[in-house]
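**Q** One structure follows; several queries about it will come next.
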Amino acid sequence: MDTSAARKLPAGVPDVLQAAHQVFINLTTDRILRIEVLTQAVHKGEDAVSALTEIAQIAHKIAGVAGTLGYPQIGDSARAVEQKLKADIAAGDPLRNWDSLSTEIEDLLDALEDLL
Amino acid sequence: MAFKILLAEDDEVTQQIVRSMLSGFSDVVLTVACDGREALEAALTQSFDLMIFDQNMPHINGDRVIRHLRAGNSVNRDAKVIRFTAEAEVIRQPAPGTAGDIVIPKPIRGAEFIAVIQELIQRRLATAESSAV
Amino acid sequence: MKDLRILAVDDDRAFQMVLQGTLAQLGYHDVTSVPSAAAALKVIRNNPQLFDGFLLDIEMPDVDGVELCRRIRAMSVYRKTPIIMVTSLADKQYVDSAFAAGATDYFTKPLDEIELRARLQVMRQLVDERQRALDLLDELKSWSDLPKSKIKFDAPLSVISANWMVEYLAMQNHLLTLNRLQLFGHAAIGFTVTNAAEAFRLTDHVGYIDYLANIATVVAESLKTSPFSMAHAGQGDFVVLTNRTAVSDPKGLQDEVRAGIASYQKLYSSLGLPTPMIQVGRPVSASIFSQRAEISSLLDRARMSAQIGLEEGFSAQKQWN
């Protein structure tokens, strides 16, 4: 992996956002780890609602900035994960769509890892 | 006279995005609050030309902070407010009492945000000039 | 008086028939009966209208009542809806896990009409309280300037939608279901806002709810112990239920809460409201030999302990009936 290219701003993003981009990259490692820990907890049968709520909150933060920093697809994926988790938590069985959602979360983590 | 902005936002990346976007304006002073409590403390201590609030914040959420500021006699009772929101929430009707607030959905579009700030600075200048006459 | 919409879940059809008949006699006609958790979840998902309360049998094949309770509680619309567990005497050990899963109350088979009537009255009270709180929340969202509904000073409204805040009635009922050993491990601590009545007079109901919500948040942050639950008992009194060992230094806790409140000094002067004066009470717990009457007065004693305060002798007292 070409690490210098990974740190460069995506095309079309103004140079002035370089610093914000770096903060985002720095936070991404911790967020990937945290989401992995939380999905493990769900698989182990621990308190699903609190783990899923936290995953939704992290996804919410990612969705709030990814588009601005030149990663609209990551932003859209994160928003989709956030909204589906919140819908399941609010309106029905929180684990209702867990099988498909955990795959979506895996894909999101893969996309985030590509940035590092 | 400096244009004073308060940003109430707990996400570090958004803080930096706003900071960076404002760096192009001369004479803008930005104060950042990381949670509702800090935001309240700042808004009750000094006057701002503009306050930018994110909805979800630790301690006290954005809505309650705004209600407190408008219910009391603080210097920022009538200050201009920008609310950051997630895309999906923008479609809802504005709540009564918030009609004058500017809603900006996240992810923030740089050009749009900068244009709004520019407009607000220009309006403030125009008001200052007309009252000076 | 609106009929309570009840969902009853039990695989014992004979019991269901008796239950439905008894409920009808007590005036509750809007009762849906299903024989399993799966059927219950299906009905809940397919029904646009919400249920006001649930009666769940604990012992059922496949998914039992406790697991069903957990799943219902996980739905945000049912986070605070009364859920009453139904159990035969042999199942009492499961009652505690039901409470951990979020149940509000329980009653035992065979069906005692008087007990059922009492439980349903509690359910109705909870529903009415929540309806008033919901009306308020609607108003908060709509930022109405004109108070559409006045609230009473002694209404035990949940003032914040945090997961540690519970209805006062639910907290009382929960205590009554604990066995002696469990009860012995709990302590109730009262927090009273001695000048709450003044704030109530000076502000509107939205302002008063926000005022109490801020106080509840400061108290919650000072507690640092988990788990705990908090209820607003009305009149600006809060009661916290936590582990007996958690609060060894109530004076230190009081200092910390007061410091937290003091940090909002500017807010209160801008609102023209008195800075809340908080008194913490000595933690109250049941002895291992407590009688039922003593247990049911535990929360009241915690409130009174807060009004007496931690110093020797009496401090500022509130109107107490």
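The values are calculated or read from the model by the stated rules, or taken from the named source; none is laboratory data. Since we're looking at a predicted model, the values are computed, not measured. A quick note on method: Cβ atoms are made from the backbone with ideal geometry, for glycine too, and the neighbour counts reach across all protein chains shown.
**Q** Yes or no: C:Leu212 touching a helix residue (DSSP H, G or I) at 6+ places or on another chain (Cβ under 7 Å), in the same structural domain as C:Ala196 (by TED's automatic domain parsing) and either under 30 Å from B:Ala42 (Cα atoms) or at pLDDT 85 or above (or both)?
**A** Values: touching a helix residue (DSSP H, G or I) at 6+ places or on another chain (Cβ under 7 Å): no; in the same structural domain as C:Ala196 (by TED's automatic domain parsing): yes; either under 30 Å from B:Ala42 (Cα atoms) or at pLDDT 85 or above (or both): yes.
No: the conditions fail for C:Leu212.
**Q** Find the residue count for the stretch A:39-69, including only residues that are outside any helix (DSSP H, G or I), within 14 Å of chain B (Cβ to nearest Cβ) and surrounded by fewer than 17 Cβ atoms within 10 Å (Cβ to Cβ).
**A** Initial filter on the stretch A:39-69 (outside any helix (DSSP H, G or I)): A:44-47, A:66-69.
Imposing the further condition that a residue be within 14 Å of chain B (Cβ to nearest Cβ) reduces the set to A:66-69.
From what's left, surrounded by fewer than 17 Cβ atoms within 10 Å (Cβ to Cβ): none.
The qualifying residues number 0.
**Q** Can you name the residue in the stretch B:2-45 that is among the small types (Gly, Ala, Ser) and within 12 Å of another protein chain (Cβ to nearest Cβ) and, of all such residues, is farthest from A:Gln57 (Cα to Cα)?
**A** Taking the stretch B:2-45 as the starting set, the residues that turn out to be among the small types (Gly, Ala, Ser) are B:2, B:8, B:20, B:23-24, B:26, B:33, B:36, B:39, B:42-43.
The next check asks that each one be within 12 Å of another protein chain (Cβ to nearest Cβ); those that pass are B:20, B:23-24, B:36, B:39, B:42-43.
Working: B:Ser20: 24, B:Ser23: 29, B:Gly24: 31, B:Gly36: 17, B:Ala39: 21, B:Ala42: 26, B:Ala43: 26 Å.
For the stretch B:2-45, the residue satisfying everything is B:Gly24.
**Q** Further question: When residues of the stretch C:255-294 are filtered for being closer than 15 Å to C:Leu178 by Cβ, aliphatic (A, V, I, L, M) and crowded, with 17+ Cβ neighbours inside 10 Å, how many remain?
**A** Of the residues in that region, 2 qualify.
**Q** Can you spot a residue in the stretch C:267-275 that is modelled with pLDDT of 90 or more and of a type in the set (Phe, Trp, Tyr)?
**A** Residues of the stretch C:267-275 that are modelled with pLDDT of 90 or more, as a first pass: C:267-275.
Narrowing further to those that are of a type in the set (Phe, Trp, Tyr): C:268.
Yes: the stretch C:267-275 contains one or more residues that are modelled with pLDDT of 90 or more and of a type in the set (Phe, Trp, Tyr).
Listed here are the residues, each with its yes/no results for (1) surrounded by 14 or more Cβ atoms within 10 Å (Cβ to Cβ); (2) assigned to a helix (DSSP H, G or I).
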| site | (1), (2) |
| --- | --- |
| C:Asp3 | no, no |
| C:Ala14 | no, yes |
| C:Gly21 | no, yes |
| C:Glu59 | yes, no |
| C:Val63 | yes, no |
| C:Val66 | yes, yes |
| C:Arg70 | yes, yes |
| C:Thr81 | yes, no |
| C:Gln93 | no, yes |
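**Q** I need a count of the residues in the stretch A:37-89 that are within 18 Å of B:Glu12 (Cβ to Cβ), in contact with an Asp or Glu (Cβ under 9 Å, 6 or more places away or on another chain) and not aliphatic (A, V, I, L, M).
**A** Matching residues across the stretch A:37-89 total 5.
**Q** Of the residues A:Asp30, A:Asp76, which is of a type in the set (Asp, Glu), in a helix (DSSP H, G or I) and over 30 Å from C:Arg45 (Cα atoms)?
**A** Within the list A:Asp30, A:Asp76, the selection yields A:Asp30.
**Q** When you go through C:Glu221, C:Glu198 one by one, which is the residue that is out of contact with any Phe, Trp or Tyr (no Cβ under 7 Å at 6 or more places or on another chain), under 16 Å from C:Ala246 (Cβ atoms) and part of a helix (DSSP H, G or I)? Let's see the steps before the verdict.
**A** Values: C:Glu198 fails: under 16 Å from C:Ala246 (Cβ atoms).
When all the criteria are applied, what remains is C:Glu221.
**Q** Output the number of residues of the stretch C:37-57 satisfying the condition of being touching a strand residue (DSSP E or B) at 6+ places or on another chain (Cβ under 7 Å) and part of a loop (DSSP other than H, G, I, E, B).
**A** Residues flagged as touching a strand residue (DSSP E or B) at 6+ places or on another chain (Cβ under 7 Å) and part of a loop (DSSP other than H, G, I, E, B) within the stretch C:37-57 amount to 2.
**Q** Looking only at residues that are part of a helix (DSSP H, G or I) and without any contact (Cβ under 8 Å) to a residue 60 or more places away in the chain in the stretch C:107-123, which one is nearest to the chain's Cα centre (by Cα)? Steps first, please.
**A** Quick first cut of the stretch C:107-123, residues part of a helix (DSSP H, G or I) only: C:113-123.
In the following step, the residues that additionally are without any contact (Cβ under 8 Å) to a residue 60 or more places away in the chain were identified as C:114-115, C:118-119, C:121-122.
On the way: C:Ile114: 23, C:Glu115: 20, C:Ala118: 17, C:Arg119: 15, C:Gln121: 15, C:Val122: 11 Å.
Ranking the qualifying residues of the stretch C:107-123, first place goes to C:Val122.
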